[in-house]
Structures are given as structure tokens and as C-alpha cells.
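See below for the structure under consideration.
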Amino acid sequence: MNVSLAKAHGAPCPTAVLDGRSFPESESELLGALAELRADLSGQGAGDVLKNAIVRPSRHPLFDLDYRFVQSLPQSHDSFDLRGSCGHSILAAVEAAARTGMIQPLVPGCRVRVNVLNNGDNVVCETEETSDGGTRFTAHFLCSPPLRLPELLMTGETVTHVPFEGRSVPVSLVSMGNAYAFVDAADLGVSGPDALFADDPRLFDAMTRLRVAVCESQGWDTFGAFPKIAALLPQEGGGLYVRAVSVPSWHPTVALTGAICLGAAAGIAGSVPWSLAGSAARDPDALLPVRTPGGCVRVAAHSTHGTDGVRRLAWVSVAEKQVEYRGLLSSPRATAPRSVAAAGRRTPVLATSDHSSEETSWVPLTA
């Protein structure tokens, strides 16, 4: 079994990149194999690796890689969430696939087209610069055809009022790249960016409980990692301060899909990100400055007005994402994959989204 490790700067942990050609495709056997792999990783001192990227040369003629993400959950070695994606892991997968010969070597200017099987995303990973130890990318998330921005709202409302501990908290529920709940940090008692970025267990607990309240208010399963939650404050002059929760702790920066989702959400008039971002949200082609505890990123969201007057999102991009390649792991145990049922275990797992598809439509970078 071929397992590589790669880590995007700003990600909470490395990604285990697995060659999908040697992995079972049925969900039960896949999860059994991942549970065994996770136990092996822990035995090798890599128990902090909670992200899994399963890749193979794409079966779609217009993509280079088919990619499937599986989030390991901290409850046990056989707890997983298959519903979402991970932008940092997509970049890690491209890096590992090139280093191991699955795709062409990366050179500045080349573009690797990734078909995300979890949710049907079309992602182009454009190489900016390469070195012996890693690669710097720009990630482009494409919409084919361009999406009416209101369609990204999971409840159809720019703001959903969530019952939370005796009061109502306004939250924007947006899905682009991954599903996110965006909340004004002031509604959680946060007074400024220093307080937002402090290692405050009370704030972490409040955000975790609010995420559960969001799920309960919509009748969604509270188990797992999605939707994720992020608290926002406005930057002076435009832009956003962001603090996000990852698995199982604070995110050191913000997920790449979180930055993508935030860039899209800031273009939806009346949403929490739009209301807080100021002038940076008013120009459909402006760069959105996003400051996190671990640094800054700038998000470019390109949208156009349709004949109906509604803005449509064509793509969202984040540049200067560095990925470090850490090499192949020692070969895990050569055990045959077993189904969870056959092993007599019950794996807590959330299924892949109903929108998964290997036949995702393709749109060129210039759409």
C-alpha cells in the first residue's frame, strides 16, 4: 500500500495521500482499510494525521486526478466523516501524486485538474513555484455553469436565526467548497481581534456548541465535522478577521475551503460576511483580505451579473499556498481489506454527499 505524507502550510495536520488504485472502492471495505491504516499510523508516531486523500488517475478525460477525502475523527480509530472535502488536502494530494509519478512532474505554470468525488467540485491547482521540498500553488475552485450566489445559501436565507442557549444568534449558512456556518464574533461576546485569536477555551466551547445548535435547528446530524463553523470580525478599511474550529481543536489559520466559502459568501448581500467585510465585499472583483491567527490570505471571487440581475459566481481563487512533501511512509501491514461488518465493528461514519459524482462537468479556467 503506497502512503505519502504532505502538509500544506496553515493546515492543522499533514494529509495521508493514498493510491486509490490499491484501495477497495466499496465504502465498508474502504473504511475497514482506513481504520487499519490509522492504527498503523499511530504505531509509527503519526497519530496526528487526521486527513486522508485517496487519489488515482482520473477516469474523466478532462481531469488529471480523481480525489476523495475522508476526515478521521478523534473519537476512535474507526470514526470517519466522508461528507466534505479539504482544500489543503487537495493540494497535498497533487504534490504527492506528482512526487510518486502518478501524474506529470510539477513545473511553474502547469495546472493539475482535480475531480472531487465527495461533492463534485472542479479544482485547478496551478503551480507557482517548485523546490526540492515542496510546491507553491494557486487553487482555483470553478463553477460550471456559474452559480447564482443565493443558491449557495443552505437554508435559502442570507441570515438564519439559530436558537442558542435562550437567545437567537444570526448565522449565515453557506456551502461552497465545504459547508460553513459564519457568525459575527461579537454575538459570542468577542470584543476585538486579540480576543478572537486568544486561546480561549470558553470561545472554543461556545463555537462548538453553536455548531451543534445549528445542526439541531435544521434537523442535521450533529456527528462529524460538517458544517464547519467560523467566527468573524471586520477589519478596518475592509476585510475580515477569522477564527475557525477544526478537528479536534482550533484551526491554526483557516481551511482553504473555508477561505473559498468565505470569499463566495462575502458577495451575498445581507449575509454575515458581506455585512462585516465592508468595501471589500462591494466590488465583485476585489480581493478579500482575510486575517487569521496564523497569517493572512487574500481571496479572489469572480462573479458576473446575469440577465436577471442576480450575481453569478464563476470561480474563487486563493494564491500562495505552500505544500511541503514529507515522503513515503514505511509500508503498513499487508493485510487484506476487511469490511467493517465482517470485522464485527460498528464504524461511526457519515456518508458521502448525495451530490457526489465522478462525471462532474468541466469548465476552463477562463470561464
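Some notes on this structure:
- Annotation: extensible slack from E128 through L147 equals 4.1 nm (criterion: 0.36 nm per residue apart, minus Cα-Cα distance).
- Gain on full stretching of the segment that runs from R167 to S76 - 0.36 nm per residue minus C-alpha separation: 29.4 nm
- q = 0.11, 0.15, 0.17 Å⁻¹, the stretch 157-287: log10 I(q)/I(0) [Debye, one scatterer per Cα]: -0.34, -0.64, -0.84
- Placing a label point 7 Å from the Cα of Q104 along the Cα-to-Cβ direction, the residues of the stretch 48-78 with a backbone N closer than 16 Å are 57-58, 61-65.
- Rounded to the nearest 20, the Cβ-based charge dipole of the stretch 57-105 about its Cα centre (Lys and Arg +1, Asp and Glu -1) stands at 80 debye.
- Between Q44 and T155, the simple label model (points 7 Å from Cα in the Cβ direction) yields a spacing of 4.4 nm.
- Range in the chain, longest, excluding exposed chymotrypsin sites (Phe, Trp or Tyr not before Pro) [loop by DSSP; at most 16 other beta-carbon atoms within 10 Å]: 1-219
- Two-site FRET efficiency, Q218 against H305, from Cβ-Cβ distance with R₀ of 30 Å, rounded to 0.05: 0.50
- Compared with the dominant Cα axis of the chain, that is its longest principal axis, helix 256-265 is turned about 30°.
- Within the full protein context, the accessible area of V190 is estimated at about 20 Å² for a probe radius of 1.4 Å.
- Mean ellipticity per residue at 222 nm, deg cm²/dmol - from DSSP H runs of n ≥ 4 across the chain, formula -39500 (n - 2.57): -6000 deg cm²/dmol
- Dividing the convex hull volume of the alpha-carbon atoms in the chain by its residue count gives 135 Å³ per residue.
- Neighbours of F197, meaning other residues whose beta-carbon lies under 10 angstrom from its beta-carbon, give a summed charge of -1 when Lys and Arg score +1 and Asp and Glu score -1.
- Summed side-chain charge close to V297 - residues other than V297 whose Cβ falls under 11 Å, Lys, Arg +1, Asp, Glu -1: +2
- For the peptides 242-249, 300-307, residues were scored by their other Cβ atoms within 10 Å and the scores averaged per peptide; the highest-first order is 242-249, 300-307.
- The angle between the Cα long axis of helix 201-218 and the main principal axis of the chain comes to about 90°, on a 0 to 90 degree scale.
- Projecting the Cα atoms of V245, A265, L5 onto the charge dipole of the chain, computed from C-beta unit charges around the Cα centre, puts L5 farthest toward the positive end.
The values are calculated or read from the model by the stated rules, or taken from the named source; none is laboratory data. It should be emphasised that the depicted structure is a prediction, and the values quoted were computed from it without experimental measurement. In this analysis, Cβ positions are derived from the backbone assuming ideal geometry, glycine residues included, and neighbour counts consider all displayed protein chains. For accessibility, only protein heavy atoms count, side chains too; no ligands or nucleic acids. Shrake-Rupley method; radii C 1.70, N 1.55, O 1.52, S 1.80 Å.
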